[in-house]
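Asks: Sharing a structure, written as structure tokens. Questions coming.
The values are calculated or read from the model by the stated rules, or taken from the named source; none is laboratory data. Here the structure is a predicted model, which is why all the values come from computation and not from measurement. All Cβ positions, glycine included, derive from the backbone under ideal geometry; neighbour counts span all protein chains shown. To get the accessible areas, we keep the full protein, side chains included, count just its heavy atoms, and leave off ligands, DNA and RNA. Shrake-Rupley method; radii C 1.70, N 1.55, O 1.52, S 1.80 Å.
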Amino acid sequence: MTTLNISQPDVTLLLDMSGVIREVTLSDAISEKGVEAWLGRPWDETVTEIGGDKVRRMVEDALRTGVSAFRQVTQRFPSGRELPIEYTTVLLGGRP
């Protein structure tokens, strides 16, 4: 029997059309508590300062074209931990 090992993203964020975090899922590789504090907050407020512009561009790109380029941003966790993560944004359900 062959076992299929499918890679899971470390962090999955479900955003609304304004870039506000509505759902958060972490992989088993990241053991952080308290990420529910991100719910209802704009994603760009949960990353380091320099990452805010990248996040806004990714959200805009996904709204315009359906998918953004990969960009690395430093995600700030509620614990204070900062972790560089490569993200892309994908518009689900079609274009607005």
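Asks: Residues of the range 66-96 being among the polar types (S, T, N, Q), part of a loop (DSSP other than H, G, I, E, B) and closer than 14 Å to Leu13 by Cβ, which ones? If you could, list the steps in order and put the result at the bottom.
Replies: Taking the range 66-96 first, the residues among the polar types (S, T, N, Q) are 68, 72, 74-75, 79, 88-89.
Still in the running and part of a loop (DSSP other than H, G, I, E, B): 68, 79, 88-89.
Listed by number, the residues that qualify are Ser68, Thr88, Thr89.
Asks: Could you give every pair whose Cβ atoms fall below 8 Å, whose first residue belongs to the range 20-44 and is under 16 Å from Gln8 (Cα atoms), and whose second residue is open to solvent by less than 20 Å² (accessible area, probe 1.4 Å) and part of a strand (DSSP E or B), counting only separations of at least 6 or pairs across chains?
Replies: Matching pairs, first to second residue: Val24/Val11; Thr25/Val11; Leu26/Val11; Ser27/Val11; Ile30/Val11.
Asks: OK, next. Return a yes/no flag: does the range 52-62 have any residue that is farther than 19 Å from Ser27 by Cα and surrounded by fewer than 14 Cβ atoms within 10 Å (Cβ to Cβ). First the steps, then the outcome.
Replies: Taking the range 52-62 as the starting set, the residues that turn out to be farther than 19 Å from Ser27 by Cα are 52-62.
If we keep only those that are surrounded by fewer than 14 Cβ atoms within 10 Å (Cβ to Cβ) too, we end up with 53, 60.
Looking through the range 52-62, at least one residue is farther than 19 Å from Ser27 by Cα and surrounded by fewer than 14 Cβ atoms within 10 Å (Cβ to Cβ).
Asks: Kindly evaluate Val35 against the criterion of being of a type outside the set (Lys, Arg) and under 11 Å from the mean Cα position of the chain (by Cα).
Replies: Working: of a type outside the set (Lys, Arg): yes; under 11 Å from the mean Cα position of the chain (by Cα): no.
No; evaluated as a whole, the condition is false for this residue.
Asks: Hey, can you tell me all the residues within the range 17-28 that are under 17 Å from Lys54 (Cα atoms) and assigned to a loop (DSSP other than H, G, I, E, B)? Write out each step before concluding.
Replies: First pass over the range 17-28, keeping only residues under 17 Å from Lys54 (Cα atoms): 17-21.
Within the range 17-28, Met17, Ser18, Gly19 qualify.
Conditions tested, residue by residue: (1) open to solvent by 60 Å² or more (accessible area, probe 1.4 Å); (2) closer than 16 Å to Gly19 by Cα; (3) among the acidic types (Asp, Glu); (4) at pLDDT 95 or above.
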{"residue": "Pro42", "(1), (2), (3), (4)": "no, yes, no, yes"}
{"residue": "Val47", "(1), (2), (3), (4)": "no, yes, no, yes"}
{"residue": "Gly66", "(1), (2), (3), (4)": "no, yes, no, no"}
{"residue": "Gln75", "(1), (2), (3), (4)": "no, yes, no, yes"}
{"residue": "Arg81", "(1), (2), (3), (4)": "yes, no, no, no"}
{"residue": "Leu91", "(1), (2), (3), (4)": "no, yes, no, no"}
{"residue": "Arg95", "(1), (2), (3), (4)": "yes, yes, no, no"}
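Asks: Only one of (1) free of Cβ contacts under 8 Å to residues at least 40 places away in the same chain; (2) in contact with a Pro (Cβ under 7 Å, 6 or more places away or on another chain); (3) in a helix (DSSP H, G or I) is not met by Leu63, so which one is it?
Replies: Of (1) free of Cβ contacts under 8 Å to residues at least 40 places away in the same chain; (2) in contact with a Pro (Cβ under 7 Å, 6 or more places away or on another chain); (3) in a helix (DSSP H, G or I), only one is false for Leu63: (1).
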